Amino acid sequence: MKGKRRKFSSAFKAKVALEALKEKETLAELAQRFEVHAVMISKWKQEFLEKSAHVFDKEADQEEQVDPDRLYAKIGQLELENDFLKKSLKKLH
């Protein structure tokens, strides 16, 4: 019978990946210390390196975020304009 698959938090993976990047210990030593297979450490290290550039993309993320209050204000303004135009159209008929 197989055991349950262990799940690791992203914080734990980052910690292990950083330790692997420091190269103060071999993968075998890290694997023993963190009780994780060396192959997993290598994968986490590679993934960490690939995705590390996204840390500096905060400016792009902040520009893309939309202010909900501003959107609600715009919706309110458009509803008022729509109601005004409906009333004006009724007066013309």
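How many residues, within the range 13-39, are assigned to a helix (DSSP H, G or I), under 23 Å from K51 (Cα atoms) and either touching a residue at least 12 places away in the same chain (Cβ under 8 Å) or not hydrophobic (A, V, I, L, M, F, W, C) (or both)? Walk me through it before giving the result.
Let us first name the residues in the range 13-39 that are assigned to a helix (DSSP H, G or I), namely 13-22, 27-34, 38-39.
Subset that is under 23 Å from K51 (Cα atoms): 13-22, 27, 30-31, 34, 38-39.
Now narrow it down to the ones that are either touching a residue at least 12 places away in the same chain (Cβ under 8 Å) or not hydrophobic (A, V, I, L, M, F, W, C) (or both): 13-22, 27, 30, 34.
Residues meeting the conditions: 13.
Taking A17, is it more than 18 Å from R6 (Cβ to Cβ), among the small types (G, A, S) and modelled with pLDDT of 90 or more? Step through it out loud before you land on a result.
Details: more than 18 Å from R6 (Cβ to Cβ): no; among the small types (G, A, S): yes; modelled with pLDDT of 90 or more: yes.
No.
Quick check on the range 1-59: of everything there that is among the acidic types (D, E) and at negative phi, which residue is surrounded by the most Cβ atoms within 10 Å (Cβ to Cβ)?
E19
Keeping to the range 54-76, report how many residues are of a type in the set (V, I, T) and either at pLDDT 80 or above or part of a helix (DSSP H, G or I) (or both).
Total meeting the criteria: 2.
The values are calculated or read from the model by the stated rules, or taken from the named source; none is laboratory data. Bear in mind the structure is a predicted one, so any value in this text is a computation, not a measurement. Note that each Cβ is placed from the backbone with ideal geometry, even for glycine, and that neighbours are counted across all protein chains shown.
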